[in-house]
Amino acid sequence: MVLFLLVHFKKTAIELINKGLSIAPKKLREPLAKIAHTFIEGLKTLQNGKESFFRFDYVSGGLTCEFTSYYLLAIGMGIGPSPLTLWAAALIMTLVNLAILLPSTPGGIGIFESVGVAIAAHFGIDKATAVAYMILVHLLVFIPVTLLELTFIPMNI
């Protein structure tokens with residue numbers, strides 16, 4: 001919703017960003033402004049309702065497949081639906097996905113597993129099981145996407 005507001009109130013958003021950046025050090029002001037303005041400019045594709053719907057549809061479909069992988073793997077390993085409930089699996093997926101947004105290793109290897117293990121511990125899953133679960137779920141969501149991406153490389157060369 002915030003992204004749609006940024007698109008529809010672009011002028012106001014840019015004014016607010018510029019005001020907010022006025023308190024930033026001079027050295028950072030221009031690069032941060034450029035990043036913010038480029039980001040808002042990139043959102044112009046959201047002005048087209050049909051394209052926006054298809055993007056939302058693809059993203060929600062992808063997240064549904066990813067979540068299903070998390071939950072079915074938990075059931076297959078005997079940790080779901082208890083102690084790893086549907087909502088716990090959704091929480092792990094969400095927080096792991098947020099964690100891998102931070103710059104880290106290629107493929108998020110390490111941060112993915114460590115965040116997942118830490119969250120799983122809160123649901124009473126022992127460390128060894130949580131490590132195995134997170135490694136398997138990482139492979140389950142990483143390998144198919146990577147193989148699919150490899151099929152597109154020849155098209156871009």
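May I ask you to list the residues in the range 30-56 that are farther than 20 Å from F9 by Cα and open to solvent by 80 Å² or more (accessible area, probe 1.4 Å)? Before you say what the answer is, go through the steps one by one.
At the first step, the residues of the range 30-56 found to be farther than 20 Å from F9 by Cα are 30-31, 54-56.
Within the range 30-56, E30, F54, R55, F56 meet the criteria.
Only one of E15, E41, E66 is acidic (D, E), over 19 Å from A132 (Cβ atoms), assigned to a helix (DSSP H, G or I) and touching a helix residue (DSSP H, G or I) at 6+ places or on another chain (Cβ under 9 Å); which?
Numbers: E15 fails: touching a helix residue (DSSP H, G or I) at 6+ places or on another chain (Cβ under 9 Å); E66 fails: over 19 Å from A132 (Cβ atoms).
That would be E41, the only listed residue that is acidic (D, E), over 19 Å from A132 (Cβ atoms), assigned to a helix (DSSP H, G or I) and touching a helix residue (DSSP H, G or I) at 6+ places or on another chain (Cβ under 9 Å).
Output the residue which, of all residues in the range 98-107 that are free of Cβ contacts under 8 Å to residues at least 24 places away in the same chain and part of a helix (DSSP H, G or I), is nearest to F67 (Cα to Cα). Working first, answer last.
Filtering the range 98-107 for residues free of Cβ contacts under 8 Å to residues at least 24 places away in the same chain gives 98-106.
If we keep only those that are part of a helix (DSSP H, G or I) too, we end up with 98-99, 106.
Numbers: L98: 14, A99: 16, P106: 22 Å.
Residue satisfying both the conditions and the ranking: L98.
Output the number of residues of the range 118-138 satisfying the condition of being outside any helix (DSSP H, G or I) and touching a Leu at 6+ places or on another chain (Cβ under 7 Å).
So in the range 118-138, the residues outside any helix (DSSP H, G or I) come out as 123-126.
Imposing the further condition that a residue be touching a Leu at 6+ places or on another chain (Cβ under 7 Å) reduces the set to 123, 125.
Of the residues in the range 118-138, 2 are outside any helix (DSSP H, G or I) and touching a Leu at 6+ places or on another chain (Cβ under 7 Å).
Can you tell me how many residues in the range 61-76 are out of contact with any Leu (no Cβ under 7 Å at 6 or more places or on another chain), without any contact (Cβ under 8 Å) to a residue 60 or more places away in the chain and of a type in the set (S, T, Y)? Talk me through it step by step, then tell me what you get.
The initial filter retains those residues of the range 61-76 that are out of contact with any Leu (no Cβ under 7 Å at 6 or more places or on another chain), namely 61-68, 70, 72, 75-76.
Applying the additional criterion that residues be without any contact (Cβ under 8 Å) to a residue 60 or more places away in the chain yields 61-65, 67-68, 72, 75-76.
Retained after the next criterion (residues that are of a type in the set (S, T, Y)): 64, 68.
Qualifying residue count, the range 61-76: 2.
What's the number of the only condition in (1) farther than 19 Å from F4 by Cβ; (2) under 23 Å from the mean Cα position of the chain (by Cα) that G20 fails to meet?
The one condition G20 does not meet is (2).
Every residue, every condition in (1) outside any helix (DSSP H, G or I); (2) closer than 20 Å to T129 by Cβ; (3) modelled with pLDDT under 85, yes or no:
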| residue | (1), (2), (3) |
| --- | --- |
| V7 | no, no, yes |
| K27 | no, no, no |
| F53 | no, no, yes |
| S60 | no, no, no |
| G80 | yes, yes, yes |
| P83 | yes, yes, no |
| M93 | no, yes, no |
| E113 | no, yes, no |
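Can you tell me which residues in the range 122-147 are open to solvent by 40 Å² or more (accessible area, probe 1.4 Å) and within 17 Å of T68 (Cβ to Cβ)?
Hits for the range 122-147 are L136, L139, L140, F142, I143, P144, V145.
What residue, of I92, I119, I79, is open to solvent by less than 30 Å² (accessible area, probe 1.4 Å), free of Cβ contacts under 8 Å to residues at least 60 places away in the same chain and under 30 Å from L46 (Cα atoms)? Let's see the steps before the verdict.
Values: I119 fails: under 30 Å from L46 (Cα atoms); I79 fails: under 30 Å from L46 (Cα atoms).
The conditions single out I92.
In the range 57-70, which residues are aromatic (F, W, Y) and open to solvent by less than 40 Å² (accessible area, probe 1.4 Å)? So that I can check it myself, show each step before the final result.
Pass one, the range 57-70, residues aromatic (F, W, Y): 58, 67, 70.
Within the range 57-70, Y70 is the sole residue that qualifies.
The values are calculated or read from the model by the stated rules, or taken from the named source; none is laboratory data. What you see is a predicted model; the values in this text were computed from it and never measured. Every residue, glycine among them, receives a Cβ derived from its backbone with ideal geometry; neighbour counts consider all protein chains shown. Each accessible area value is taken on the protein alone, full model and side chains, heavy atoms only, with ligands, DNA and RNA left out. Shrake-Rupley method; radii C 1.70, N 1.55, O 1.52, S 1.80 Å.
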